[in-house]
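The block underneath contains the structure these notes are about, expressed in structure tokens.
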Amino acid sequence: MTGIDPTPAGSPTLSVTHVGGPTVLIELAGWRILTDPTFDPPGRTYEFGLGTRSTKTTGPAVAPDEVGPVDLILLSHDHHADNLDDHGRSLLPSAGTVLTTVPGARRLRAPNTRGLRPGQATTASAVGRPDLHVLATPCRHGPPLSRPVAGTVIGFAVSLAGSPRTAVWMTGDTVLHRPLRRAARHLDVDVLLLHLGAVRFPLTGPLRYSMNSTDAAGLLAATRPRVVVPVHYEGWSHFSEAEERARENLHADRLPAGTTVTWLERGRAAALALHGP
């Protein structure tokens, strides 16, 4: 791949390119939005704390220097390398705005970075483009009482100014839990970036730190998005659910009426038409 060309401002489509893992380039109404930047090559093992670790098994489908200008980075959390690695971290200073957790913003200590708590909203503005309304949504990156160990994580619901619909909801790394269900019921979602993988570590046995496809089906029943784009289910050794199993559980005949699943080819942009205002 030789690069990703911007889509024209005001386009009625949302273009998504899956780089790998949780990393997606979103092009919306002239905005170029990057989620959880991970661009390190495969083969390295990263420590995740308290004796847990994971090896990156697949490299990015797009090199960092092929991404092009980025207006907004949605960073669900900064403290795990499968959501922000060394090459991804190098992209943060050049982005117009970086949105992340409050603890993450303190750690990054950058003038272009804003920290959000679940339920808190902010507006992103740029010359010649419609404002974006960004709402932080709740995540629990593990079983009950795991936050002191797993840390703070958020998702992001992004809407064009003046629209009641959520153009894109990025769930972030989370299990299915009550605050997430509550948030889902209040969002009218066009495109859902669904973090899957059912993360597990040998040290903690059956405990899961992200959704499996069975839980994901429960989330879809609550929010009924128009299009579901699964991400963050491949490329790392700590994912415990195979893609084939996820595809089976998220098959068309098991989805809410009006919801479809799009499995992206990594590195290739896909245009998804949005609903009207």
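The values are calculated or read from the model by the stated rules, or taken from the named source; none is laboratory data. Note that the coordinates shown come from a computational prediction; the quantities given were computed from them, not determined experimentally. Backbone-built Cβ (ideal geometry, glycine too); neighbour counts: all protein chains shown. Heads up: the accessible areas ignore ligands, DNA and RNA and are worked out on the full protein's heavy atoms, side chains in. Shrake-Rupley method; radii C 1.70, N 1.55, O 1.52, S 1.80 Å.
Side notes on the structure shown:
- Solvent exposure of the chain as accessible area per residue, Å², 1.4 Å probe: 42
- Couplings for region 135-151, taken from phi via the Karplus curve 6.51 cos²θ - 1.76 cosθ + 1.60 with θ = phi - 60°, read 10, 7, 10, x, 9, 10, 7, x, x, x, 6, 8, 4, x, 8, 7, x Hz in order; Gly and Pro are left as x.
- Global geometry of region 163-244, whether rounded, prolate or oblate, following the gyration tensor of its Cα atoms and the 1.5 cut on a/c: prolate
- Formal net charge of residues neighbouring T101 (Cβ-Cβ distance under 14 Å; K, R +1; D, E -1): +4
- Note on T122 and A161: the extension gain reaches 12.9 nm, defined as 0.36 nm multiplied by sequence separation minus the Cα-Cα distance.
- The chain: most fluctuating residue of G267, G43, G115 per GNM, C-alpha cutoff 10 Å: G43
- Shape category assigned to region 43-104 from the gyration tensor of Cα positions, a/c cut at 1.5: oblate
- Region 239-263 and region 126-156: distance between their alpha carbon centers, rounded to Å: 23
- Comparing Y233, G267, V19 along the charge dipole axis of the chain, the residue lying farthest to the positive side is Y233, per the Cβ-charge model.
- If R0 is 25 Å, the Cβ-Cβ spacing of T45 and N112 corresponds to a FRET efficiency of close to 0.25.
- Subtracting the Cα-Cα distance of D131 and R178 from their residue separation scaled by 0.36 nm leaves 13.9 nm.
- R140 long-range amide H proximity, modeled H, under 5 Å: V175
- Amide H contacts of V228: L192, T260, V261, T262, each under 5 Å away and 5 or more positions distant or on a separate chain (H built 1.01 Å from N in the peptide plane; Pro and chain starts excluded).
- Per residue, the chain reaches -3500 deg cm²/dmol at 222 nm when only DSSP H runs of four or more residues are counted, each adding -39500 (n - 2.57).
- Summed side-chain charge close to T137 - residues other than T137 whose Cβ falls under 14 Å, Lys, Arg +1, Asp, Glu -1: +4
- Length-normalised contact order of the chain in % [C-alpha pairs under 8 Å, at least 6 apart]: 18
- Accessible surface of the chain, 1.4 Å probe, proportion on carbon and sulfur as whole %: 53
- Label-to-label distance, T13 versus L203, with points set 7 angstrom from Cα along the beta-carbon direction: 4.5 nm.
- For the residues L75, L219, L255, a GNM of the chain with alpha-carbon springs under 10 Å puts the largest fluctuation on L255.
- Springs join every pair of Cα atoms under 10 Å in this Gaussian network model of the chain, and among R178, R165, R117 the largest mean-square fluctuation is at R178.
- Sequence of W263, W169 when ordered by accessible area, the most exposed leading, probe 1.4 angstrom: W263, W169
- Across region 102-243, the mean sequence separation of Cα contacts (distance under 8 Å, 6 or more residues apart), normalised by length, yields a relative contact order of 18 percent.
- Surface calculation, 1.4 Å probe, protein heavy atoms: H238 sits at approximately 10 Å² accessible.
- FRET efficiency for the pair R247 and S90, taken as 1/(1 + (r/R0)^6) with r the Cβ-Cβ distance and R0 = 41 Å, rounds to 0.75.
- Shape call, region 32-145: gyration tensor on alpha carbons, a/c limit 1.5: oblate
- Taking all protein chains as shown and a probe of 1.4 angstrom, L108 keeps an accessible surface of around 40 Å².
- When region 146-201 is described by a simple charge dipole with +1 on each Lys and Arg Cβ and -1 on each Asp and Glu Cβ, the residue from G162, L192, T174 located farthest towards its positive end is T174.
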